[in-house]
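The structure appears right after this line, and notes come after that.
The values are calculated or read from the model by the stated rules, or taken from the named source; none is laboratory data. Only a predicted model underlies this, so the values are computations on that prediction, with no experimental measurement involved. Neighbour counts are summed over all protein chains in view; Cβ atoms, including those assigned to glycine, are modelled from backbone coordinates with ideal geometry. When the accessible area is computed, the model is the full protein with side chains, heavy atoms only, and any ligands, DNA or RNA have been set aside. Shrake-Rupley method; radii C 1.70, N 1.55, O 1.52, S 1.80 Å.
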Amino acid sequence: MARASNPRGTTAMWVPDHLDGLWDDRDFAPWYPHNGRPGLSPAQLDTVCVLQFLLNLSDRQAAEAVRCRIDFKYALALELDDPGVTPQCADGLS
């Protein structure tokens, strides 16, 4: 779907295409507790931070892009109907 709507690609599509495997949730395991409610994927949050920096987005703009943009969903390997993150989750990422 992302390729069909953006055949030449976008910055958000470039990131996973070229940096796939650069970070993984296991890389962040020591920073997170092993019990309790599962949190957001650290690797996905890192990807959002990279895209936020590359595209000069505010926290709210980045959260909105995760909710609404097909290329961001592609970058994060999310289903199209994934609700994304709330701006409260994104606050302080940058």
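Sum up the charges of everything whose Cβ sits under 13 Å from the Cβ of ALA2, counting Lys and Arg as +1 and Asp and Glu as -1, but leave ALA2 out.
Numbers: positive: ARG3, ARG8, ARG69, LYS73; negative: ASP17, ASP71, GLU79.
Within the 13 Å Cβ shell, the charges total +1.
Over the chain, give the accessible area per residue in Å² for a 1.4 Å probe, as an integer.
Heavy-atom accessible area per residue stands at 68 Å².
Give, in nm to one decimal, the length gained when the segment between ASP82 and SER58 is fully stretched (0.36 nm per residue of separation minus the Cα-Cα distance).
Working: separation 24, 0.36 × 24 = 8.64 nm, distance 2.07 nm.
My answer for the length gained is 6.6 nm.
In degrees, nearest 10, range 0 to 90: what is the angle between the Cα axis of helix 42-54 and the longest Cα principal axis of the chain?
It works out to around 50 degrees.
May I ask you to derive the relative contact order of the chain, considering only C-alpha pairs under 8 Å and at least 6 residues apart, and to give it as an integer percent? It would help to have the intermediate numbers written out before the result.
Values: 76 pairs, mean separation 31.8, N = 94.
With pairs under 8 Å counted, the relative contact order is 34 percent.
What are the ³J(HN,Hα) values, in whole Hz, obtained from phi via the Karplus relation 6.51 cos²θ - 1.76 cosθ + 1.60 with θ = phi - 60°, for each residue of segment 57-70 in sequence order, with x given for Gly and Pro?
9, 6, 4, 5, 5, 5, 4, 5, 5, 5, 6, 10, 9, 4
Once the Cα gyration tensor of the chain is found, what semi-axes does its equivalent ellipsoid get, as square roots of 5 times the eigenvalues, in whole Å, sorted largest first? Show your work: numbers first, answer last.
Details: eigenvalues 98, 46, 33 Å².
Largest first, the chain gives 22, 15, 13 Å.
Across segment 73-85, in residue order, what do the Karplus-derived ³J(HN,Hα) couplings come to in whole Hz, using 6.51 cos²θ - 1.76 cosθ + 1.60 with θ = phi - 60° and x for Gly and Pro?
4, 4, 4, 9, 6, 9, 5, 4, 8, 5, x, x, 10
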